Amino acid sequence: MKFELRGEIRFSKPIGELTAQIEETLRACTPLLLRGAPAGREGEACRLEEWKIEGDRLKVRLVSGTYVRAHDGLLRLSKKLAEELGKLRVGVRGIQVEEYRILIPAEIPESALRGLPCEAKKTHEGVELYFRGLGENELRNRMVDRLLSNLKVEKPAPPTTPVIVREGKPREVSFKEDPCEAARKLGWIREFPGRGQWILLGPLVTLMKTIEDLIVEKIAQPLNFKECMLPKLIPLQVMQKMPGYLDTIPEGMFYVCPPPRDPAAFDEFKTKLKLTKKLPEEELEKVIKTPSYVLAPAQCEPFYEMFSGKTVRWEDLPMKLFDRSGWTYRWEGGGVEGLIRTQEFRRVEFIFLGKPEEVVKIRDEVLEGAVNLAEELELRWRVLEATPFYLKEGVERYGTAVATYDLEIYLPYKDDWTEVGSYNVHMDKFVRSFRIKEAKERKIWTGCCGFGVSRWVTSFLAHHGLNSEKWPEIVRKKIGEIPDVPRIVE
């Protein structure tokens, strides 16, 4: 790669009288700009090609190859000048990149160039990126380096066969219908205008609460998890700390825009609505702000934020909580499917923080409890190994064999499987991103286990049908009488 940068270093006062000192300092910076380049590759380090003084600013042009990139060279020059001119009571007040040209000698697809915070164009040499007006914070936060790393085009890995760790026995199933359609016919669920949303009524709600109770009674309580109620409206600055979400799948979330607390701002909207009896969406667009929140896509986000920037003590670990207080939200777009893939779904989320060996042990205990529950519910199940993309780095670093186990239940009506639970060891991924510390700097990890209750219920109905008299005894005893549903004339 080739880098060419035009920028400036701004000082606390005009520096024309210090030309000699500045020239001497810049000359002494030559070895500094080479530092980090391998022997024999010094030609790919940074070079100061031009400089001039304009009032309180030093204008520079830097060029480089792959090693010691030009923006790193600007930061090094700034630091050295601050040290030397500081002796003369002249301080550095800031740095700015006016123009930055980067040539990448590679073929990059158009899709990878969309949405970049710079101009990008293809040439006979490869791809050229043009940045203008980059500030010091963007340079120090390594924005350019991250952008270049993300542009690396890798060939997709060939599809792999799922690694099945364990599998339950086959089950005799007489019910062959789609449980979502069967529940709709009986009035257990009602369609809602929002795509991928349902109104759940008496029988289905009772079954869902029963399975939630079984998860709590048979897994959470014996393993000494304590119940909490976590917010479902997640500020974007919290979501930014969650590895693999905003930076990878921002298209999979619902964004929330808080309105101004000014009734007058909605005057035109209210007037048009009253006069036309139609929703004037264009008036809303004029009033609402940019998003400040997302609806919780993972459900565990507030747990990590609770410890963010804080210190925990070794003797207080592990810390184990579970949340069953509400919905989880994911934007599935056109991928919604019955009760299996919805935009909002019920989930019981287990979250824990502890010593590395504790976290692995807790995850395995929760998984074992889930398998035992699937057996008691007389479901056909299997456990798969998995490593989500955002945990791959931790697996490679610590050699942990399995970051994630997925629990799947068989769906007889479609001769397929659906994931009902994910059981994860994050290593120190979230500890680092949320800056959680142990009092004596000892290593701590986090983990989470999610029970997709909506899918557990659908899988249960797919095996046993909607006649409660044929349900397994563990559910019949607990559920009691099935409630009626509202009668509606279509």
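Extending each Cα 7 Å along its Cβ direction at V165 and A439, get the distance between those two points in nm, one decimal.
For V165 paired with A439, the spin-label model returns 3.3 nm.
Which residue, chosen from A182, M306, V216, occupies the Cα position most advanced towards the positive end of the dipole of the chain, where the dipole is computed from +1 (Lys, Arg) and -1 (Asp, Glu) charges on Cβ about the Cα centre?
It is M306, whose Cα lies furthest towards the positive end.
For K361, which lysines qualify as cross-link partners when the Cα separation must be under 27 Å and same-chain residues fewer than eight apart are set aside?
Answer for K361, where 27 Å is the Cα cut-off: K169, K218, K226, K241, K310, K320, K392, K429, K437, K440, K443, listed by chain and number.
For the range 2-150, what does the alpha-carbon gyration tensor say about shape, rounded, prolate or oblate, given a ≥ b ≥ c as the root eigenvalues, a/c under 1.5 as rounded, and a/b over b/c as prolate?
prolate
Using the crude model of +1 on Lys and Arg Cβ and -1 on Asp and Glu Cβ, and no other charge, please compute the dipole size for the chain relative to its Cα centre, in debye to 20.
1140
For the chain, return all DSSP H helices satisfying: extent of Cα atoms along own axis at least 27 Å; mean Kyte-Doolittle hydropathy at least 1.0.
none
Indicate the gyration tensor shape class of the range 140-251 (rounded, prolate or oblate), computed on the Cα atoms with a ≥ b ≥ c the square roots of the eigenvalues: a/c under 1.5 is rounded; otherwise a/b larger than b/c is prolate and the rest oblate.
prolate
Helix-derived [θ] at 222 nm for the chain: sum -39500 (n - 2.57) over DSSP H runs of at least 4, divide by residue count, nearest 500?
Taking each H run of at least 4 residues, the total per residue is -8500 deg cm²/dmol.
If packing is taken as the average number of other Cβ atoms within 10 Å across a peptide's residues, how do 257-264, 73-80 rank, most packed first?
73-80, 257-264
Specify whether the C-alpha gyration tensor of the chain places it in the rounded, prolate or oblate class, a ≥ b ≥ c being the square roots of the eigenvalues: rounded for a/c under 1.5, otherwise prolate if a/b is larger than b/c and oblate if not.
Prolate, since a/c reaches 1.5 and a/b exceeds b/c.
Please give the charge dipole size of the range 157-197, origin at the Cα centre, charges +1 on K and R Cβ atoms and -1 on D and E Cβ atoms. Round to the nearest 20 debye.
It comes to approximately 80 debye.
Report the one residue of G65, G91, L151 whose Cα lies farthest in the direction of the positive end of the charge dipole of the chain (charges on C-beta: Lys and Arg +1, Asp and Glu -1; origin at the Cα centre).
Sorting the options by dipole projection puts first G91.
Considering only the other residues whose Cβ falls under 13 Å of the Cβ of E469, what net charge follows from Lys and Arg at +1 and Asp and Glu at -1?
After counting each charged neighbour, the total is +1.
Counting pairs on different chains as well as pairs 8 or more places apart, how many Lys pairs in the range 2-150 have Cα atoms under 28 Å apart?
Lysine pairs meeting both conditions in the range 2-150 amount to 19.
Compute the signed sum of charges (Lys and Arg +1, Asp and Glu -1) over the other residues within less than 12 Å, Cβ to Cβ, of R330.
Around R330, the charge tally is -1.
Readers should treat all values here as calculations from the given coordinates under stated rules, not as data from a laboratory. This is a predicted model, so every value here is computed, not measured. Methodologically, a virtual Cβ is constructed for each residue, glycine included, from the backbone with ideal geometry; neighbour enumeration extends over all protein chains shown.
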